[in-house]
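Presented below is the structure to which this report refers.
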Amino acid sequence: MLRLLGYLTGFFLLCGLLAVGGVFWVFWKYGQDLPDYTQLENYAPPITTRVHAGDGSLLAEYAVQRRVFVPISTVPNLVRDAFLVAEDKNFYTHPGIDPMGIARAMVTNVKNLGTGRRPEGASTITQQVAQNFLLTKDVSIERKIREAIISFRIERAFSKDQILELYLNEIYLGFGAYGVASASLNYFGKPLSQLSADEAAFLAALPKAPNNYNPVRNQAAAVARRNYVLGRMAEDGVISEAEASELSKGPIRVVSASDADVIEAPYFAEDVRRELAERVGDDGLYKGGLSVRTTLDPRLQRIAQKVLRDGLVAYDRRHGWRGPITRLDTERPWQEQLPDVAVPPGAGNWILAAVIDASTDQARIGFEDGGAGTIPLDELKWARAWQKGQKLGPQVKSAQAVLTSGDVVLVSRKTEKADGQSYPDGSYRLEQVPDINGAIVAIDPHTGRVLAMTGGLDFAESEFNRATQAWRQPGSAFKPFVYMAGLDNGFTPSTRILDAPFVIDQGAGQGKWKPANYSNKFYGPSPMRLGLEKSRNLMTVRLAQTIGMEAVASQAERLGVVENLPRHLSMSIGAGETTLMRLTAAYAMIVNGGKKITPTLIDRIQDRSGATIFRHDARACEACAQVVWDAQTPPVLDDLRAQVIDPRTAYQMVSMLSGVVERGTGRRIGELGLPLAGKTGTTNDSLDTWFVGFAPDLAVGVFVGFDEPRSLGNQETGSSVPAPIFKDFMALALADKSVEPFRIPSGIKLVRVNPDTGYVARPDERSSIFEAFKTDTNPPELENDGGIPVLGDGAPALGSIESRPRRGIY
């Protein structure tokens with residue numbers, strides 16, 4: 001008996017030795033050539049770059065994997081506990097694999113044989129980290145052994161919190177979300193700290209099969225899996241049984257991307273994306289987890305988009321109806337055909353409708369949802385037939401003259417008539433997507449920060465940004481740079497310039513250049529101010545010839561309007577090309593007192609660790625560091641901006657451009673009663689129209705034209721198309737705000753003059769204005785006549801003229 005006992009003891013000892021040896025052999029065999037788990041110490045996953053507006057609102061995200069990295073210390077306990085009970089209950093006690101979990105899973109799976117239930121797994125969070133980071137997902141005994149070995153090693157090298165942090169930031173949770181923070185935003189539109197218990201339970205239910213539990217496609221399965229996790233949370237005391245029971249009754253409500261607080265500014269966002277790609281490369285942009293604070297003001301951006309669209313629609317309606325989107329087969333029911341018609345780009349919130357029939361007084365229309373309505377004749381009268389050259393056909397006297405059965409059109413709801421009376425319910429207005437386009441830009445003139453930018457009617461139709469990419473002729477909007485060159489060379493706003501025919505021989509075979517005023521009239525000697533206010537071409541060309549195109553070009557190049565302006569006289573009336581952004585920035589430098597600014601869309605870029613890698617404002621502020629804000633006066637920083645215009649010249653131009661708004665081509669803007677200034681611009685044949693101007697602390701530019709240049713039509717100018725857009729923008733942007741008057745620098749004296757003559761006003765003159773003179777200049781009749789030349793055609797070159805105030809160019 002003792003001998004048998006000895007044999008058995010020896011046998012079992014041998015088996016034990018063989019087992020231990022087998023384990024060591026397995027670890028030796030499969031532990032070779034394993035991935036280096038220490039690389040996890042330098043874990044830097046692809047993280048979403050998030051772009052924010054100036055107020056912190058989300059503007060755009062760029063990523064190859066939509067992930068927001070969160071340190072484990074910032075993950076709420078509720079979220080941590082939900083994942084632990086769902087994925088690895090014994091995470092904080094096991095050494096990398098969970099024998100108890102394996103045994104429990106085996107027992108459960110045996111019980112569930114034949115029930116059709118999904119088998120339970122026993123992979124720990126550590127094993128999932130090993131699999132996700134270091135191994136493939138193939139199903140094999142060898143891979144499971146290698147996974148277990150790596151898990152043991154990871155557990156020895158990293159703390160439990162570090163392992164959990166890796167896991168929660170790496171896992172894919174569906175909806176394009178990598179990591180719990182991104183999933184919280186994608187599914188519920190909120191940060192982790194705001195998740196409720198049922199929301200945390202749903203996220204914790206996703207790792208096993210996120211696509212199977214998509215709450216949009218498979219709500220029932222998603223709810224069942226969430227409820228399972230809620231039950232486990234109740235069992236482990238994370239929440240109460242009653243709370244779990246109550247939360248299990250509700251559906252999973254997903255917040256769509258359109259419901260989230262995302263600013264709509266696609267042209268602005270795309271220009272930011274391009275700049276980021278240039279600065280940090282595509283990898284840095286799409287994987288670097290940058291935090292970008294832009295200059296965008298959401299309120300001004302919404303205003304810009306609205307007024308630009310309204311202005312383009314208003315212009316388009318003035319030039320007639322180009323016909324329906326398509327026509328349906330009248331032999332088939334319109335209800336079957338309308339759903340197949342695509343809404344055209346640029347339609348915005350307008351509704352697609354089919355014309356059922358049309359009579360004299362109205363057209364009956366039907367909608368895709370089966371609803372119906374009418375378009376009264378009054379809402380069709382604008383729709384005179386479009387004719388070549390932006391001309392109009394005969395007046396509309398009946399609805400059937402515009403629409404016929406089977407037409408597919410765009411409409412908008414209309415409740416009120418032009419006289420203020422109400423329309424019957426179900427009344428609509430005929431709409432048409434404009435075929436013209438344009439852009440608007442708003443800049444802080446003191447910093448160059450672009451506060452709003454819209455580069456076209458509809459980004460989905462065309463990503464071409466007409467604010468930054470369209471090089472067009474500015475026309476008369478260029479003239480301020482000619483006049484400032486004159487002011488810098490001794491002229492005053494009251495200097496009289498001859499408005500008379502002007503002819504230049506352009507050389508052999510080139511013919512003669514004969515510029516003309518828009519009115520094709522001549523007005524004789526007129527003060528420079530009047531020439532700018534009324535946009536007189538002949539006065540501008542004569543001034544440019546006198547002071548020389550080198551002075552004009554230097555002025556424009558110094559302000560960034562163009563890089564290298566050809567020294568031709570035609571350039572003085574805007575024959576060169578520039579962009580709306582460049583021109584608006586140049587005007588901003590006029591109103592800011594002549595200080596150099598560079599337009600910027602980005603205030604600051606921070607890397608994934610929070611370090612600032614770019615800042616637009618490069619000024620150092622030692623006194624700002626580690627100071628708690630408590631409403632104290634901020635420190636005054638050095639002004640690093642270069643002086644590119646004499647501040648006295650800049651103010652004289654501000655004053656003259658104010659006259660454009662008060663008495664000149666922009667006078668409709670003067671109706672606002674605000675301190676505003678600016679200049680219209682219209683090129684030959686009305687191919688391009690502009691209005692660029694400013695308030696004391698806001699510079700705005702508007703451009704309107706066809707992408708394939710053609711005339712906007714007779715009588716359409718900078719005054720009629722972009723100026724109303726500028727006016728509407730300023731009215732809304734400055735509403736309820738205290739607007740300071742334009743700032744007057746030292747070295748300026750104000751003299752009351754007659755704006756039509758430039759001479760000192762008599763005491764009884766009511767139409768007089770205060771003219772801005774530099775302290776060393778005077779109105780014409782107060783200057784010393786002796787030795788001051790009178791300039792005209794054939795005048796000597798500037799270099800041979802004494803640099804003194806000039807009486808006029810005749």
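Conditions tested, residue by residue: (1) touching a helix residue (DSSP H, G or I) at 6+ places or on another chain (Cβ under 7 Å); (2) under 22 Å from GLN473 (Cβ atoms); (3) charged (D, E, K, R); (4) part of a helix (DSSP H, G or I).
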site	(1), (2), (3), (4)
PRO501	no, no, no, no
SER519	no, yes, no, no
ARG542	no, yes, yes, yes
GLU550	no, yes, yes, yes
Of the conditions (1) part of a loop (DSSP other than H, G, I, E, B); (2) open to solvent by less than 30 Å² (accessible area, probe 1.4 Å), ALA82 fails just one. Which one is it? (1)
Which of the residues belonging to the range 191-214 are within 32 Å of the chain's Cα centre (by Cα), part of a loop (DSSP other than H, G, I, E, B) and touching a residue at least 40 places away in the same chain (Cβ under 8 Å)? LEU195, ASN214
Check off (1) within 22 Å of HIS319 (Cβ to Cβ); (2) surrounded by fewer than 19 Cβ atoms within 10 Å (Cβ to Cβ) for GLY420 and give me the number that stays unchecked. (1)
Considering residues of the range 597-623 that are modelled with pLDDT under 90 and open to solvent by less than 50 Å² (accessible area, probe 1.4 Å) only, the residue nearest to PHE478 (Cα to Cα): CYS621
Which of the residues belonging to the range 757-810 are of a type outside the set (Ser, Thr, Tyr), farther than 22 Å from MET484 by Cβ, open to solvent by 80 Å² or more (accessible area, probe 1.4 Å) and at pLDDT 50 or above? ARG762, PRO763, ASP764, ARG766, GLU781, LEU782
Using the structure shown, decide if ARG225 is open to solvent by 10 Å² or more (accessible area, probe 1.4 Å) and in a helix (DSSP H, G or I). yes
When (1) over 15 Å from VAL661 (Cα atoms); (2) open to solvent by 10 Å² or more (accessible area, probe 1.4 Å) are applied to LYS727, the one that fails is (1)
Kindly establish whether GLY594 is free of Cβ contacts under 8 Å to residues at least 60 places away in the same chain, closer than 20 Å to PRO647 by Cα and surrounded by 20 or more Cβ atoms within 10 Å (Cβ to Cβ). yes
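Name the one entry in LEU640, LEU672, LEU676 that is under 29 Å from MET453 (Cα atoms) and without any contact (Cβ under 8 Å) to a residue 40 or more places away in the chain.
Step by step, each of LEU640, LEU672, LEU676 is checked, and only LEU640 is under 29 Å from MET453 (Cα atoms) and without any contact (Cβ under 8 Å) to a residue 40 or more places away in the chain.
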Would it be correct to say that GLU142 is open to solvent by 10 Å² or more (accessible area, probe 1.4 Å), in contact with a Ser or Thr (Cβ under 6 Å, 6 or more places away or on another chain) and modelled with pLDDT under 80? no
Of (1) among the hydrophobic types (A, V, I, L, M, F, W, C); (2) open to solvent by 10 Å² or more (accessible area, probe 1.4 Å); (3) more than 24 Å from SER768 (Cβ to Cβ), LEU672 fails just (3)
Give the residue that is surrounded by the fewest Cβ atoms within 10 Å (Cβ to Cβ), with candidates limited to residues of the range 257-272 that are under 18 Å from ASP458 (Cβ atoms) and at pLDDT 95 or above. GLU270
Selection from the range 347-405 of residues more than 24 Å from ASP435 (Cα to Cα), within 38 Å of the chain's Cα centre (by Cα) and of a type in the set (S, T, N, Q) yields THR374
Checking the condition surrounded by 15 or more Cβ atoms within 10 Å (Cβ to Cβ) and either among the acidic types (Asp, Glu) or assigned to a helix (DSSP H, G or I) (or both), which residue from ALA353, ALA347, ALA363, ALA314 passes? ALA314
Which ones in the range 495-524 are among the β-branched types (Val, Ile, Thr) and free of Cβ contacts under 8 Å to residues at least 24 places away in the same chain? VAL503
Selected residue (only one of ILE436, ILE443 is touching a residue at least 40 places away in the same chain (Cβ under 8 Å), within 30 Å of VAL409 (Cβ to Cβ) and in contact with a helix residue (DSSP H, G or I) (Cβ under 8 Å, 6 or more places away or on another chain)): ILE436
Residues (open to solvent by 100 Å² or more (accessible area, probe 1.4 Å) and in contact with a Pro (Cβ under 7 Å, 6 or more places away or on another chain)) located in the range 510-532: PHE522
State yes or no: is LYS727 in a strand (DSSP E or B) and among the basic types (Lys, Arg)? no
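The values are calculated or read from the model by the stated rules, or taken from the named source; none is laboratory data. As the structure is a prediction and not an experimental result, all values here were calculated from the model. As a convention, Cβ positions derive from the backbone with ideal geometry for all residues, glycine included, and neighbour counts pool all protein chains shown. When the accessible area is computed, the model is the full protein with side chains, heavy atoms only, and any ligands, DNA or RNA have been set aside. Shrake-Rupley method; radii C 1.70, N 1.55, O 1.52, S 1.80 Å.
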